[in-house]
1. Taking only the range 1-11 into account, find how many residues are of a type outside the set (Val, Ile, Thr) and either in contact with a helix residue (DSSP H, G or I) (Cβ under 8 Å, 6 or more places away or on another chain) or part of a strand (DSSP E or B) (or both).
2. When both residues are 6+ apart or on different chains and their Cβ atoms are under 9 Å apart, which pairs have a first residue that lies in the range 61-90 and is within 16 Å of Arg49 (Cβ to Cβ) and touching a residue at least 60 places away in the same chain (Cβ under 8 Å), and a second that is small (Gly, Ala, Ser) and surrounded by 12 or more Cβ atoms within 10 Å (Cβ to Cβ)?
3. Where in the range 12-90 are there strands (runs of 3 or more DSSP E), lying wholly inside it, with at least 1 residues that are among the acidic types (Asp, Glu)?
4. Looking only at residues that are over 16 Å from the mean Cα position of the chain (by Cα) and modelled with pLDDT under 90 in the range 54-74, which one is farthest from Ser6 (Cα to Cα)?
5. Does the range 8-29 contain at least one residue that is on the phi > 0 side of the Ramachandran plot, surrounded by fewer than 11 Cβ atoms within 10 Å (Cβ to Cβ) and in contact with a strand residue (DSSP E or B) (Cβ under 9 Å, 6 or more places away or on another chain)?
Amino acid sequence: MPLKWSVVAIVHPPTYLNKVVVMTTKEILILNVITQKVLSSITIDELMRRNKLTYGEDDSFKGIETSPALDIVALTISKPDNNLILLFNL
């Protein structure tokens, strides 16, 4: 499956059987590794809009980490003037 942007990180949340979360520079995808299908995706501009944050073309995802809380990941976003850490409910 070709991706539009470079892969930044891949994590496997503890309760996600046969699934991984793939972070590219501009998008987060939940993939089923058995069927090789995209189950869900969100772009950086959509995520920023949902959180009422301004989005610039130079913004990009830089890291992802699972949390002890189910379905929650921490995302790092690089902006030209600062960096953000967001908690995201998958």
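1. Of the residues in that region, 1 qualify.
2. Filtered contacts from the range 61-90: Phe88/Ala74.
3. Those strands (runs of 3 or more DSSP E) span 27-32, 60-66.
4. Out of the qualifying residues, it is Thr54.
5. Yes, that holds for at least one residue.
The values are calculated or read from the model by the stated rules, or taken from the named source; none is laboratory data. This is a predicted model, so every value here is computed, not measured. Heads up, the Cβs are rebuilt from the backbone with ideal geometry, glycines too, and the neighbour counts pull from every protein chain shown.
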